[in-house]
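Asker: Before I ask anything, let me first share the structure, which is written out below as structure tokens.
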Amino acid sequence: MGWKERWCDIEENERPLLDKVTSVGVVAYTGELARGREFSILFVEQLDQPERRWGIPAGKFELGLDANPEEAAVREVLEETKLVITEDRLEPFYAVPKPPYVKSAEYETLKLIFKCQVSQGETEALGDWQPIHISEWTPPILLLRGPMREGEIGDMVLVPKDNLFYQGNPMTAKIFRMDLHIFLKRYLEGLNII
């Protein structure tokens, strides 16, 4: 399915939704994103946001500079993680209104979130992941130190589903980006995945 079919109501207008899109993000995951299945989600450390520094690979989308939201998402994943993905691997996941506290449609913009399954081999090729044990009851978080990347992105982590919103996990509410903590959790719960 092409980007117009995904993000536009072609019957009404060529780009009514796409005109509101200002940023994109990608929930890159290993395993199977389904109820009763094991999966881990990739997060990147955003050094320019010290208060809530862990987020998904994400960035700006500018209609005209980017051919479509998928192109922007592929670029951001490559820049922030060094993972090479293609547009055809991206699936629409959910959309986040930005800023969420503004109710007027006049000011509303959207952040489109895609999901993309990556293989264990793809993540292993990035470097030497170190396990971090949060509790004896949950699988370890895998940490990849960030000297291989420059700029705003530091370390990367692969967080297993059992640790995503576990209260004893130091990466939960206090340092997750708010859009992740609220919208990702709500969406996964709505799908009965967590």
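Asker: So for 119, 40, fewest C-beta neighbours within 10 Å to most, what's the order?
Answerer: Values: 119 10, 40 24.
Fewest to most other Cβ atoms nearby, the residues stand as 119, 40.
Asker: Here's another thing I want to ask about it. Greater than 23 Å separation of Cα atoms is the criterion. Which listed pairs, 20/60; 20/161; 20/115; 82/115, meet it? Please list the in-between numbers first.
Answerer: On the way: 20/60 12 Å; 20/161 31 Å; 20/115 20 Å; 82/115 17 Å.
Too far apart for the 23 Å limit: 20/161.
Asker: OK, next. Among 89, 186, which comes first, then next, by fewest other beta-carbon atoms within 10 Å?
Answerer: Ascending number of Cβ neighbours within 10 Å: 186, 89.
Asker: If you don't mind, there's one more thing I want to ask. Once you have the Kirkwood Rh of segment 43-87 from its Cα pairs, apply Stokes-Einstein at 20 °C and 1.002 mPa s and quote D in µm²/s. List each step's numbers first, then the result.
Answerer: On the way: Rh = 11.2 Å.
Using the Kirkwood radius from Cα pairs, D works out to 191 µm²/s.
Asker: List 86, 22, 81, 123 from most exposed to least, where exposure is judged by having the fewest other Cβ atoms within 10 Å.
Answerer: Working: 86 9, 22 14, 81 24, 123 20.
In order of increasing Cβ crowding within 10 Å: 86, 22, 123, 81.
Asker: Residue 135 to residue 84: FRET efficiency via 1/(1 + (r/R0)^6), r the Cβ-Cβ distance, R0 30 Å, to the nearest 0.05? Let's see the in-between values first.
Answerer: Details: r = 34 Å, r/R0 = 1.13.
So, using R0 = 30 Å, E works out to roughly 0.35.
Asker: Around residue 31, what is the net charge, scoring Lys/Arg as +1 and Asp/Glu as -1 over all other residues with Cβ under 13 Å from its Cβ?
Answerer: Details: positive: 35, 37, 115, 161; negative: 32, 38, 122, 162.
Value of the local net charge: 0.
Asker: Sticking with the crude label model, points 7 Å out along Cα→Cβ, report the distance from residue 128 to residue 32 in nm, one decimal please.
Answerer: Label at residue 128, label at residue 32, 3.4 nm between them.
Rule-based calculations on the coordinates, nothing more; no lab input. All figures in this text were calculated on a predicted structure; none of them were measured in a lab. Positions of Cβ are generated from backbone atoms using ideal geometry, with glycine treated the same way; all protein chains shown enter the neighbour counts.
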